[in-house]
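Encoded as structure tokens, the structure appears first; notes follow it.
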Amino acid sequence: MSDNVATPNRFVTIQEHIINEQRQHPAATGGFSWLLSGITLAARIISANVRRAGIIDVLGDAGAANVHGEQQQKLDLLANKTIELCLGYRGNVAMIASEELDEAKVITRGETEEDRKYIVVFDPLDGSSNIDVNVSVGTIFSIFQRDPALAKKSDDQAAEILQPGIKQLAAGYIVYGSSTVLVYTTGEGVHMFTLDPSVGAFILHSEDIRMPEKGKSYSVNEGNANSFPRAVQKFLEWCKTEEAGPYSARYIGSLVADFHRTLLKGGIFLYPATAKSPNGKLRLLYEANPIAFLAEQAGGEATDGQTRILEKTPKSLHERTPLFVGSKQEMERLRRFIRDEA
Ligand code: AHM
Ligand code: MG
């Protein structure tokens with residue numbers, strides 16, 4: 001067994017891991033670790049609710065639509081509230097924004113204005129339309145430092161959130177699958193933890209995960225293929241040829257779960273522009289950015305077909321983007337099809 005896998009002789013909790021990472025930055029005050037621990041607390045609470053869905057009354061529509069016009073599920077709202085509560089009292093969060101909130105929320109509970117230096121954006125329960133049928137769902141988060149220069153340019157304080165993904169301090173996701181797994185990066189590799197529900201702790205599973213350079217599957221909602229850009233259609237045709245493998249198709253319909261497989265096994269995930277979603281379906285700030293940060297940290301790539309995701313500057317909170325993310329070889333092959341069709 002390799003050294004970076006938890007064995008009965010070595011249990012590393014996520015708290016310990018975060019503190020060890022922080023020690024490598026002598027100027028760190030510990031505030032950032034405190035913030036990350038708020039996210040892990042929220043993850044444990046959401047996981048407990050997801051695990052009891054069907055027993056407690058959390059399944060089904062909440063009876064309202066979010067800013068995207070999508071029906072909110074009870075668990076969407078519960079997960080959103082849980083994260084708000086777990087972060088809102090940490091004292092160093094200035095603003096939060098979420099898929100389920102129409103607008104960014106300014107948090108005023110910090111001790112001083114200087115303490116309130118972080119912005120957290122999140123998708124509280126990604127893939128929630130799958131929850132009623134017991135399919136994996138997840139939480140995605142992304143953390144930025146405030147940028148007062150951006151605020152000065154606008155009357156809207158939320159303008160500080162509109163930073164390119166390259167400025168993320170940390171990002172990660174929790175997948176509520178056959179086990180609950182948390183994956184995060186602070187820009188120094190990608191690390192994965194498994195929740196031990198009996199003791200309520202996230203235990204290190206593997207450090208510095210590398211995405212294989214090539215995988216065996218592609219992941220896309222092919223029901224929309226007729227309206228994909230021609231280059232994407234051609235790439236998918238190629239994936240089915242003998243020359244290519246052929247690749248296997250794997251699509252769960254929960255970004256977190258589809259990306260988690262891609263991270264560990266390699267391959268490619270695609271959500272291109274479609275007739276129904278001409279700018280793509282997924283949201284730049286709290287879906288594509290954190291996933292792109294993790295992918296790059298693991299040696300993979302993420303683009304919108306033209307531009308590296310992490311270099312896109314969002315113009316609005318809920319901006320959508322096409323997303324192509326995966327192993328180096330599949331991303332290079334896709335790029336060639338896109339170039340040939342240009
Ligand atoms: P959600 O955040 O409202 O749950 O929507 C995002 C989800 C992603 O998890 C997933 O990749 C995608 O929507 C699936 O979309 P589709 O059903 O069009 O394939
Ligand atoms: Mg989502």
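A few remarks follow.
- FRET efficiency for ALA28 and ILE166, using Cβ-Cβ distance with R0 set to 25 Å, rounded to 0.05: 0.75
- Sites ALA65 and SER37, calculated FRET efficiency, Cβ-Cβ separation with R0 41 Å, nearest 0.05: 0.80
- Within the shell defined by Cβ-Cβ distances under 15 Å, the residues around SER179 carry a net charge of +2, with Lys and Arg each +1 and Asp and Glu each -1.
- A full extension of the chain between ARG336 and THR112 corresponds to an added length of 75.5 nm, given 0.36 nm per residue minus the alpha carbon distance.
- Rounded Å value of the spacing that divides the Cα centres of segment 239-275 and segment 196-222: 15
- Stretchable slack from SER227 to ARG210, in nm (0.36 nm times residue separation minus alpha-carbon distance): 2.8 nm
- Rounded to the nearest 500, the 222 nm mean residue ellipticity of the chain from helices alone is -8500 deg cm²/dmol, with -39,500 (n - 2.57) taken per DSSP H run of at least 4 residues.
- Rg/Rh for segment 217-341 stands at 0.93; both radii use Cα atoms, and Rh follows the Kirkwood definition.
- Cα gyration tensor shape of segment 14-206, rounded if a/c is under 1.5, else prolate or oblate by comparing a/b with b/c: oblate
- Selected from ARG52, ARG250, ARG320 as most flexible by GNM, with the chain as the system and alpha-carbon contacts under 10 Å: ARG52
- Over 26 Å (Cα to Cα) - which of LYS234/LYS265; LYS74/LYS105; LYS117/LYS315; LYS276/LYS328; LYS167/LYS315 fall in this group: LYS276/LYS328
- Divide the volume of the convex hull around the Cα atoms of segment 141-273 by the residue count and you get 164 Å³ per residue.
- Prolate/oblate/rounded label for the chain (Cα gyration tensor, a/c 1.5): rounded
- Multiplying the residue separation of LEU150 and SER277 by 0.36 nm and removing their Cα-Cα distance gives an extension gain of 42.8 nm.
- Overall form of segment 220-273 per C-alpha gyration tensor (a/c, 1.5; a/b vs b/c): oblate
- Between ARG308 and GLU103, the simple label model (points 7 Å from Cα in the Cβ direction) yields a spacing of 3.5 nm.
- Residue of THR194, THR313, THR241 that the Gaussian network model of the chain assigns the largest fluctuation, springs spanning Cα pairs under 10 Å: THR241
- Taken along the Cα-to-beta-carbon direction at a fixed 7 Å, the label points for ARG51 and SER179 span 1.2 nm.
The numbers here are math on the coordinates, done by the rules we state, and not lab data. All values reported here derive from a predicted model rather than from experimental measurement. Glycine also receives a Cβ, built like all others from the backbone with ideal geometry; neighbour counts cover every protein chain displayed.
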